[in-house]
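Here's the structure, in structure tokens; my notes come after.
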Amino acid sequence: MVHLAPKALQHRKGTFTDVPPELLKEVKNLESQFYVNGDKLREIVDHFVGELDKGLSKEGGNIPMIPGWVMEYPTGKETGDYLAIDLGGTNLRVVLVRLGGNRDFDTTQCKFQLPDHLRTGKSEDLWVFIAECLKNFVDEVFPDGCKETLPLGFTFSYPASQEKINQGILQRWTKGWSIDGVEGKDVVPMLQEAIEKVGVSIDVVALINDTTGTLVASMYTDPEAKLGLIFGTGVNGAYFDVVKDIPKLEGKCPQDILPDSPMAINCEYGSFDNEKLILPRTKYDVRIDEESPRRGQQTFEKMNSGYYLGEILRFILLELAEEKHLIFKGQDLTNLKKPFIMDTSFPSKIEEDPFENLSEVAELFESKLGITTTVPERKVIRKIAELVGERSARLSVCGIAAICKKRGYKTAHCAADGSVYNKYPGFKIRAAKSLRDIFQWGDDIKQDPIVIVPAEDGSGVGAAIIAALTEKRLKDGKSVGLKNA
Ligand code: GLC
């Protein structure tokens, strides 16, 4: 498959002649705060490379760089039935994957919406909810019962340390989750216990980050795939390093894990620049952080992942309306004042509105916020959404560029998934353009050497393949973790 990255952004129609000068001045000011030029991107990438290295060092750094204990590439010959679950930001997905052994697979899946209260509720409620969903699913796909214990790959998309593959010690919740009693603990036994409680025969074989799953699933079908990326509620990337180049593993691996063995690394680079040295943070980013349950963490993620885009837009609109009295004059702002009322679908819909008078934006603000807007206000809203969306794309590819630079990849398919990548209008074009700005490839080349491509299903197929690879290693008597883990 050839992936040609689009070369130019679409031009929007419409002028700002009807926007009052004071409001226009604010827009210009926002533009200068949110636009990140090529020089700055390159500066960020260089700093990023150093931070990736620090994360692999014995001393450690801000970016966790977690070895994922996936130590071989898929062959495509893996076979068997595997369950996979993905505890993402908003849904729980349960998948039955049948690996066919010929680079082929079949999947049957079901999505369960995670009730909002679970994100900040009691630990036990979460695990029982997941176990019950699993039981419902298994009962449905195996109506006559399943004779054997089903191996399960658990995609847990939070920073979790792993001394072995069937372990995940949650370092800290991200993406707005905050459940007491889980941080610092291994989530695998918690899930396994709940599974036993609801009475279904499942063995949690491997815990996988969504980026690692994405990487492995994509390598299964695309030999050029070198990075697994998520641009969604959170942002993160995974790649394969080599054991001898990971100083923090020195002397800690069992003998059968050789220095030249590949090792999947879940970077957890959402925490890039927690020291706040390089990213061009605005006062809105500062406020996002101050109002978040985990202050000071995930600095990079808070500037560009889907979870925060609508909230950044909301802060800006509130400032223009409430403090500066430049928009929504005389309107009831009660709804606009509600935190996170504008999820990512908001800026997404705003950017997508095809009508010149932005009538869909008008309808959105009317129905969801109870605010009547004028045409100039809507143009300004759209412009701000573009600024926030474009900054998100430009910053988020810095992670890609940094990994490629670190590993010396001159060409790569960077397999991406996540709601922002898949659904946010213009993201793909903007991201490709930003990589071009970083690497300065010039217009004469026919195809960008480093391209972002749509990933295979990481948390389903990827998790299943990793579970299969793990079972095989164990059967062959090989290690799947640190010495004595
Ligand atoms: C957050 C999580 C990380 C995950 C990413 C994308 O950054 O900490 O584990 O990969 O979101 O879902």
Proximal lysines relative to residue 226, as straight alpha-carbon distance under 16 Å, when same-chain residues fewer than 8 apart are discounted: 405, 406, 410
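Could you tell me which of the pairs 185/483; 25/379; 164/483 are separated by over 18 angstrom between their Cα atoms in the structure shown? Spell out each step's value before the answer.
Numbers: 185/483 20 Å; 25/379 14 Å; 164/483 9 Å.
As for pairs spanning more than 18 Å Cα to Cα, those are 185/483.
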Segment 298-383 - convex hull of alpha carbons, volume per residue in Å³: 90 Å³
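Based on the Cβ-Cβ distance from residue 245 to residue 183, what FRET efficiency comes out when R0 is 30 Å, to the nearest 0.05?
Numbers: r = 30 Å, r/R0 = 0.99.
According to the calculation, E is roughly 0.50.
Tell me, in nm to one decimal, what length is gained between residue 79 and residue 54 on full extension, where the rule is 0.36 nm per residue of separation less the Cα-Cα distance?
Numbers: separation 25, 0.36 × 25 = 9.00 nm, distance 3.80 nm.
So the chain would gain 5.2 nm between residue 79 and residue 54.
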³J(HN,Hα), Karplus 6.51/-1.76/1.60, whole Hz, each residue of segment 108-114, x for Gly, Pro: 10, 9, 8, 10, 10, 6, 7
³J(HN,Hα), Karplus 6.51/-1.76/1.60, whole Hz, each residue of segment 241-253, x for Gly, Pro: 9, 10, 3, 5, 9, 10, x, 5, 8, 4, x, 10, 8
Residue 80 long-range amide H proximity, modeled H, under 5 Å: 99
Residues 348, 157, 32 arranged by fewest to most Cβ contacts within 10 Å: 32, 348, 157
Reciprocal of mean inverse Cα separation for the chain (Kirkwood radius, Å): 23.4 Å
Residue 263 long-range amide H proximity, modeled H, under 5 Å: 241, 242, 243
Farthest toward positive dipole pole in segment 197-325 [+1 Lys/Arg, -1 Asp/Glu at C-beta], among 206, 227, 280: 280
Helix 463-475 axis, angle to the chain major axis (alpha carbon atoms, nearest 10°): 20 degrees
Angle between the chain longest axis and helix 306-318 axis [Cα atoms, degrees, rounded to 10]: 20 degrees
Whole-Å semi-axes of the ellipsoid equivalent to segment 372-431 (Cα gyration tensor, √5λ, descending): 32, 11, 7
Cα-projected label distance for residue 46 with residue 275, points at 7 Å along beta-carbon direction, nm: 1.6 nm
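Which pairs, out of 302/472; 111/368; 147/475, put more than 31 Å between their alpha-carbon atoms? Provide the component values of the computation, followed by the final result.
Working: 302/472 39 Å; 111/368 26 Å; 147/475 20 Å.
From the list (302/472; 111/368; 147/475), the Cα-Cα distance tops 31 Å for 302/472.
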Tilt relative to the chain, helix 21-34 - C-alpha long axis, 0 to 90 degrees, to 10: 30 degrees
Vicinal HN-Hα couplings computed from phi for segment 337-348 (Karplus, 6.51 cos²θ - 1.76 cosθ + 1.60; Hz; Gly/Pro x): 7, 7, x, 6, 5, 9, 6, 4, 4, 5, x, 4
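Starting from the alpha-carbon convex hull of segment 303-440, give the projected area averaged over all orientations, in nm². Working shown, then result.
Values: hull surface 36.5 nm².
Over every viewing direction, the Cα hull of segment 303-440 projects on average to 9.1 nm².
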Rg(Cα) / (2.2 N^0.38 Å) computed for segment 93-207, rounded to two decimals: 1.10
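Can you give the FRET efficiency for residue 29 and residue 366, using 1/(1 + (r/R0)^6), R0 = 35 Å, r = Cβ-Cβ distance, to the nearest 0.05? Present the calculation step by step, with values, prior to reporting the outcome.
Details: r = 28 Å, r/R0 = 0.79.
Using R0 = 35 Å, I get an efficiency of 0.80.
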Amide proton proximity set for residue 452, modelled H, under 5 Å, gap of 5+: 414
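Every read-out reported here was derived from the displayed coordinates using simple, explicitly stated rules and does not represent laboratory data. It should be emphasised that the depicted structure is a prediction, and the values quoted were computed from it without experimental measurement. A quick note on method: Cβ atoms are made from the backbone with ideal geometry, for glycine too, and the neighbour counts reach across all protein chains shown.
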